[in-house]
1. Based on a Kirkwood Rh over C-alpha pairs, give the Stokes-Einstein translational diffusion coefficient of region A:47-115 at 37 °C and viscosity 0.692 mPa s in µm²/s.
2. Eight or more residues apart or on different chains, and alpha-carbon atoms under 28 Å: count the Lys pairs in region B:3-118 matching that.
3. Within region A:38-114, which trypsin sites (Lys or Arg not before Pro) sit in a loop by DSSP and count at most 15 neighbouring Cβ atoms inside 10 Å?
4. Share of Cα-Cα pairs in region B:3-118 beyond 18 Å, in percent?
5. Based on DSSP H runs of at least 4 residues, each adding -39500 (n - 2.57), what is the mean residue ellipticity at 222 nm of chain A after dividing by all its residues, to the nearest 500 deg cm²/dmol?
6. Tell me the volume per residue, in Å³, of the convex hull enclosing the alpha carbons of region A:8-79.
7. Taking amide hydrogens as modeled 1.01 Å from N in the peptide plane, which residues meet the under 5 Å criterion relative to A:Thr46, leaving out close sequence neighbours?
8. Compute the separation of the alpha-carbon centres of region B:69-121 and region A:26-51 and state it in Å as a whole number.
Amino acid sequence: MGLPTPDTSHLRDPRFASVYEPAEDTYLLLDALENDLPRLHAQRPTICVEIGSGSGCVSTFLGQVLTPHASLIISTDINPAATQATRQTTGRSGGAAVFAQCHTRFVQALEPRLQGNVDVLVFNPPYVVTPEEEVGSMGEAAAWAGGKDGRAVVDRLLPRVAALLAPGGVFYLVVIEENRPDEIIHLMAAQGLVGERVLERRAGRERLSILRFTKGD
Amino acid sequence: MRLITHNMLKCHVKNCTDPNQQFPLRFKDVQLEQIEAERNDEFLVRMLPRLDWPALLTTSKELGYSLPQSIPENPQDKDEFLQALHTFILETHVKEGSMVCNGCSHEYKITNGIPNMLLAEHEI
């Protein structure tokens, strides 16, 4: 792959101890975005949103993928340390993108204005199967604790995705097999979004996939 | 926080429902900073239909900037307009301060350039 992985060396700072560091799931998502470079350039997104941006690695990389086209890339996270980490990571990147961060849950406060306006939506959710009581923290566990089937968090967003996307908009989602990706594709089809598994990789015990959903023009 | 971000933020407190009051949020005790950025006319023009112009206008008046009442025709050819827009939405940053809802008076803090829009679960 040609584009450099964003520099997240500042995550060593103790104030970022609760921020999820880029790992196999992150890299798979970067690869999926880079594979889609021609497609993304043809689409020419104006507004991109990453939910749960963590280190900011993916938001930054998306900005690089889209360059020389400029786009507003809004990164949200429920963990304030993650929004600050994202700010530093995106701030180190060159390129044409305009970055913005917002400390919030999903896209709360942004949602009314973003309806029908999001050209690219990216979510690497907390997908790990955990006891339900581990879900809902605002610290480190927020990055991975997914509750039953690892779906507790992502299922809160899925019903809202079609309304957020602009015509022709795309949504990238990281999943593991336990999340039942085929069922997610089926659920999203009911909203009129066409989904497919664009990339798959085994990382230790996890069978990771990237799902891509597209809204019609 | 660039002012373009402010144009995307709306109060989302559960009992705050008057759409004329929830948006745009009013700035309070803000520390502004101008950071020069390269102007990209193609991007600005592409962003125009995504902006809420009346809200942008309200905010510009509040902060003492000048923008036209409405988006001019053929904006891609209007150098002065594009410069004013670029300066306002992309080069003007809020470092610290708050945003207050005109409806419910909820105050959202901006710390180190990042707005905190998170509400407690019971407020949503």
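Laboratory data are not the source of any read-out in this text; all were calculated from the coordinates shown. Predicted model, so just to flag it, every value in this text is computed and none were measured. Virtual Cβ from ideal backbone geometry, glycine too; neighbours counted across all protein chains shown.
1. 282
2. Here the count comes out as 14.
3. A:Arg92
4. Result: 51 percent of Cα pairs exceed 18 Å.
5. After summing the helix terms and dividing by the residues of chain A, the value is -8500 deg cm²/dmol.
6. With only Cα atoms used, region A:8-79 gives 88 Å³ per residue.
7. For A:Thr46, the qualifying residues are A:Asp119.
8. When both Cα centres are located, 26 Å separates them.
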